[in-house]
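The values are calculated or read from the model by the stated rules, or taken from the named source; none is laboratory data. Just so you know, these numbers come straight off a predicted model, no measurement behind them. Because the Cβ atoms are built from the backbone with ideal geometry, glycine has one as well, and the counts that use them run over all protein chains shown.
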Amino acid sequence: MNRPAFIALLLVLAARTVLPQQPAQPTANDEAVYKIGENGVKAPIAIHDPEAEFPPDGRAKNINGLCLIGLIVDATGTPQNLKLVRCNDPVFEKNSLDAVAKYRFTPATLKDGTPVAVRITVEINYQRDGAHNPVALVGYKISAPPGITSDSPGTDGVYPLTSSLAPPAITQFSDEGFGNAAFRLADGNACDVVLTVSAKGKPSDISLTKCDKPILEKPALASLLKSHYRPGTLNGVAVPVRVLVHLQFDGFAPTK
């Protein structure tokens, strides 16, 4: 049996996925679409959320499913403009869309109680005992941090990453929740982090340059601090190097 959609969490996230300057997209009834939390707009509440049926092909593959569906809940509490954001496997797509189309909500409201349309995302999580869970993939790329003007090390002996160095590399990435957090975002699922890789391959002095969403910040830092590195080298000798690491959600591991 699959677990019910995690609506409460994703209603909050949905309020963060609409860009501040993005014009509201009208519904089929030409309603303006509001942002949850902005100017006191209260989130809709699911009053009918039937479970999605576990597809036979998912059983045959012996895999669990994880899908994210974007939609507008109109002023009557009815789903509109359903869109598949992502699924770990195509076999779960149709049943997820079909289930969310049947949802009904107490609509979102303005401060004065007026019902309005809002955009949300809903997660559908399919679970069967003994089946394989989806594994989120995180892509990463090491490059020079911003503002590099010299090849020389700083007063602390740490080199900036330049063409004169063989760069450090991540030999074992430890995902401390970054992939799962990034999956749940309909848009914007990357972070840039600056850190030092010591001559022994130890990460330290870590700081965020930017993250698309605040929910990614802690797992991004934790993941890079617990990952394993090969140190950078200068003329074949290991040296401490300051680098920028770009992390992003790269989908799911292929199902076997």
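Structure data summary
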| quantity | calculated |
| --- | --- |
| Some residue of region 177-190 being more than 25 Å from I69 (Cβ to Cβ) and among the basic types (K, R) | no |
| Enumeration of residues in region 167-204 that are modelled with pLDDT of 95 or more, of a type in the set (S, T, N, Q) and either within 29 Å of E123 (Cβ to Cβ) or assigned by TED's automatic domain parsing to the domain that holds I69 (or both) | Q172, S174 |
| Per-region count, region 122-140, residues surrounded by fewer than 11 Cβ atoms within 10 Å (Cβ to Cβ) and either among the acidic types (D, E) or part of a strand (DSSP E or B) (or both) | 1 |
| Selection status of N125, under 17 Å from the mean Cα position of the chain (by Cα) and of a type in the set (S, T, N, Q) | yes |
| Residue ranges of strands (runs of 3 or more DSSP E) in region 1-110 with at least 1 members surrounded by fewer than 20 Cβ atoms within 10 Å (Cβ to Cβ) and modelled with pLDDT of 95 or more | 45-48, 79-87, 104-106 |
| Scan of region 151-208 for residues that are of a type in the set (S, T, Y), part of a loop (DSSP other than H, G, I, E, B) and without any contact (Cβ under 8 Å) to a residue 24 or more places away in the chain, ordered by number | S152, T155, T162, S163 |
| Subset of region 215-244 [in contact (Cβ under 8 Å) with a residue 60 or more places away in the chain and either within 19 Å of N180 (Cβ to Cβ) or of a type in the set (S, T, Y) (or both)] | I215, S223, Y229, T233 |
| Residue list for region 91-138, filter: of a type in the set (G, A, S), out of contact with any Ser or Thr (no Cβ under 9 Å at 6 or more places or on another chain) and touching a residue at least 40 places away in the same chain (Cβ under 8 Å) | S96, A99, A108, G130, A131, A136 |
| Enumeration of residues in region 111-121 that are over 21 Å from the mean Cα position of the chain (by Cα) and part of a strand (DSSP E or B) | P115, V116, A117 |
| Pick from region 146-159, criterion surrounded by 11 or more Cβ atoms within 10 Å (Cβ to Cβ) and at pLDDT below 95, ranking: nearest to L82 (Cα to Cα) | I148 |
| Matching residues, region 222-238, being surrounded by fewer than 21 Cβ atoms within 10 Å (Cβ to Cβ), among the hydrophobic types (A, V, I, L, M, F, W, C) and within 16 Å of I142 (Cα to Cα) | L225 |
| Verdict on S143 being more than 30 Å from T255 (Cβ to Cβ), out of contact with any Pro (no Cβ under 9 Å at 6 or more places or on another chain), touching a residue at least 40 places away in the same chain (Cβ under 8 Å) and surrounded by fewer than 18 Cβ atoms within 10 Å (Cβ to Cβ) | no |
